[in-house]
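Participant: Input: one structure, supplied below.
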Amino acid sequence: MKKQIQYYEKLRKKFKTKREIVGWGSKKSQQMRFNVIKNYIKENNCKNLLDIGCGRGDLVNYLNKNKIKIKYIGLDINHNFIQIAKKRNPKNFFKVGNFLHTKIKSFDLIFISGIFNLKMKNHEKFMETFIKKAFKQTKKILIFNCLSTNAKRKKKLYYYINPFEISKRYNKNFKKLIIDHSYADHDVSFILFK
Ligand SMILES: C[S@@+](CC[C@H](N)C(=O)[O-])C[C@H]1O[C@@H](n2cnc3c(N)ncnc32)[C@H](O)[C@@H]1O
């Protein structure tokens, strides 16, 4: 996890509190990932949401702008990011912690956006452990995204996943799986239902 902290701290030192610290190329690129969750909240009557790797807590603004009412909790391994998130969204609850080592209660919806982009040692094992724990902690839906092998341009720093392999590789206990590759050639979201 050191790599995740070091990488984002470099960006934070460069960009201070700006959106760029969480590594997205643009607001559009961040929001196309947020858009995925929009429809599933109402449809599935989700009352609470855990945003793992919440960064600056930009999802809160997105939910407010779209008039989506849900109890929000943000978790991030980087305490500086949590400080920024708290300042920007004083009415919401944010917590510092590495999800893999944090005891949390269950949530109707768990969202993970961007954590799997940075290539980690034993990346597949890392993702598998992460997703299994997140799926266990969700009551209704787990949504996560990854960079896709379908991307036209690839960078060595990042990890790209073949979307067709995901259902084989991860939890086979989901009731329903939706793979949403509709919003970009380089990114794909997985929506797993319990
Ligand atoms: C690409 S950024 C995305 C931030 C946010 N989801 C967004 O879309 O604006 C990934 C975030 O995940 C956090 N992170 C990485 N590993 C984590 C872990 N094990 N537990 C909690 N947060 C983690 C990083 O600190 C970083 O803020």
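The values are calculated or read from the model by the stated rules, or taken from the named source; none is laboratory data. Everything quoted here is computed from the prediction, not taken from an experiment. We place every Cβ from the backbone using ideal geometry, glycine too, and count neighbours over all the protein chains shown.
Participant: Here are some residues: ILE21, ILE41, ILE5, ILE37. Which one is within 16 Å of the chain's Cα centre (by Cα) and away from the ligand (no atom under 12 Å from the Cβ)?
Facilitator: Every option except ILE41 fails the conditions.
Participant: OK, next. So if I check each of ILE77, ILE110, which one is crowded, with 16+ Cβ neighbours inside 10 Å and within 11 Å of the ligand (Cβ to nearest atom)?
Facilitator: Of ILE77, ILE110, the one residue that is crowded, with 16+ Cβ neighbours inside 10 Å and within 11 Å of the ligand (Cβ to nearest atom) is ILE77.
Participant: What number of residues within the stretch 131-161 are more than 21 Å from ARG56 (Cβ to Cβ), of a type in the set (Phe, Trp, Tyr) and in contact with a helix residue (DSSP H, G or I) (Cβ under 8 Å, 6 or more places away or on another chain)?
Facilitator: 1
Participant: Shifting gears a bit: Name the residue, out of PHE111, PHE81, that is part of a helix (DSSP H, G or I) and either at pLDDT 95 or above or under 16 Å from the mean Cα position of the chain (by Cα) (or both).
Facilitator: PHE81
Participant: Check off (1) hydrophobic (A, V, I, L, M, F, W, C); (2) in contact (Cβ under 8 Å) with a residue 24 or more places away in the chain; (3) surrounded by fewer than 16 Cβ atoms within 10 Å (Cβ to Cβ) for ILE143 and give me the number that stays unchecked.
Facilitator: (3)
Participant: Do we find a residue being touching a helix residue (DSSP H, G or I) at 6+ places or on another chain (Cβ under 6 Å) and not in a helix (DSSP H, G or I) anywhere in the stretch 12-21?
Facilitator: Yes: one or more hits.
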